[in-house]
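Trainee: This is the structure I want to talk about, given as structure tokens.
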Amino acid sequence: MPALLVALGLALGLGLGSGLTAPQARAQEAHAQPVRAQDLPAPTGPVLLTVTGKIARTNQNDAALFDEAMLLALPRHRIETTTPWTDGRKVFEGVRLEDVLDQVGAGAAVTLKARALNDYSIDIPASDAREFDMLLALRMDGKPLSRRDKGPIWIVYPRDSVPRIQDERYDSRWVWQLNGLDIR
Ligand SMILES: Nc1nc2c(c(=O)[nH]1)N[C@H]1C(S)=C(S)[C@@H](COP(=O)(O)O)O[C@H]1N2
Ligand SMILES: [Mo]
């Protein structure tokens, strides 16, 4: 019984502790976010991705719009993996989701609400981007992803190299036809 009481006390103490420190930690993060006078350059081609929400850099009202050239100006990365939706090992190329988050000053992101052209939408923990280096893939086996086949942007996880993300919870975050990220 005493052990149970100690455990209960600890649990309550931890809950109270985090409740008190969380807002302060958040405030510090907000201050750490660099204030940039310079906005993002405006897109010149068709807009593929619109980022909204808690971002520090914008190029149209409160949003950051990206055309293909803006995305591909970021460092290119690749992930080679099988997927439940394709046959055999595929080479996905694109840019790291985290680099896009950095571009828009989304350092305080907790949740990314991802939206697709087909109105699919799902919340992705921002920590995934740091943990797994997901891609915003624009090409598969060297060919642009077409709208009728998962394009123009597909969120790709390194599925083959990380066994614990080989499950339905993570599969549902492989948003294809991605066109929006709302940063919360
Ligand atoms: N754009 C878009 N991406 C999507 C979905 C969708 O309906 N639209 N479904 C998600 C879910 S819930 C899963 S489990 C996987 C696989 O979907 P499938 O079972 O329809 O192949 O893709 C994810 N990505
Ligand atoms: Mo799903």
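Trainee: Just to be sure, is Ser146 within 16 Å of ligand 2 (Cβ to nearest atom), among the hydroxyl-bearing types (Ser, Thr, Tyr) and open to solvent by 20 Å² or more (accessible area, probe 1.4 Å)?
Mentor: no
Trainee: Does region 40-55 hold any residues that are surrounded by 16 or more Cβ atoms within 10 Å (Cβ to Cβ) and assigned to a loop (DSSP other than H, G, I, E, B), and which are they?
Mentor: Leu40, Pro43, Lys54, Ile55
Trainee: Here's something else I'd like to know. Between a first residue in region 161-172 that is of a type outside the set (D, E, K, R) and a second residue that is more than 16 Å from ligand 2 (Cβ to nearest atom) and assigned to a loop (DSSP other than H, G, I, E, B), which pairs have beta carbons less than 8 Å apart while being 6 or more apart in sequence or on different chains?
Mentor: Ile165/Pro158
Trainee: Something else now. Name the residue, out of Ala114, Ala126, that is of a type in the set (Gly, Ala, Ser) and more than 26 Å from Thr44 (Cα to Cα). Steps first, answer last, please.
Mentor: Numbers: Ala114 fails: more than 26 Å from Thr44 (Cα to Cα).
Going through Ala114, Ala126 in turn, the sole match is Ala126.
Trainee: Next up: Filter region 97-142 down to the residues that are part of a strand (DSSP E or B), out of contact with any helix residue (DSSP H, G or I) (no Cβ under 9 Å at 6 or more places or on another chain) and over 16 Å from Arg173 (Cβ atoms) and list them by number.
Mentor: Answer for region 97-142, where residues must be part of a strand (DSSP E or B), out of contact with any helix residue (DSSP H, G or I) (no Cβ under 9 Å at 6 or more places or on another chain) and over 16 Å from Arg173 (Cβ atoms): just Arg139.
Trainee: Here are some conditions: (1) open to solvent by less than 50 Å² (accessible area, probe 1.4 Å); (2) within 16 Å of ligand 2 (Cβ to nearest atom). Trp176 meets all but one. Which one does it not meet?
Mentor: (1)
The values are calculated or read from the model by the stated rules, or taken from the named source; none is laboratory data. This structure is a prediction, so every number in the text was calculated from the model and none was measured. Glycine gets a Cβ as well: all are built from the backbone with ideal geometry, and neighbour counts include every protein chain shown. We work out accessible area using only protein heavy atoms, side chains counted, and drop any ligands, DNA or RNA first. Shrake-Rupley method; radii C 1.70, N 1.55, O 1.52, S 1.80 Å.
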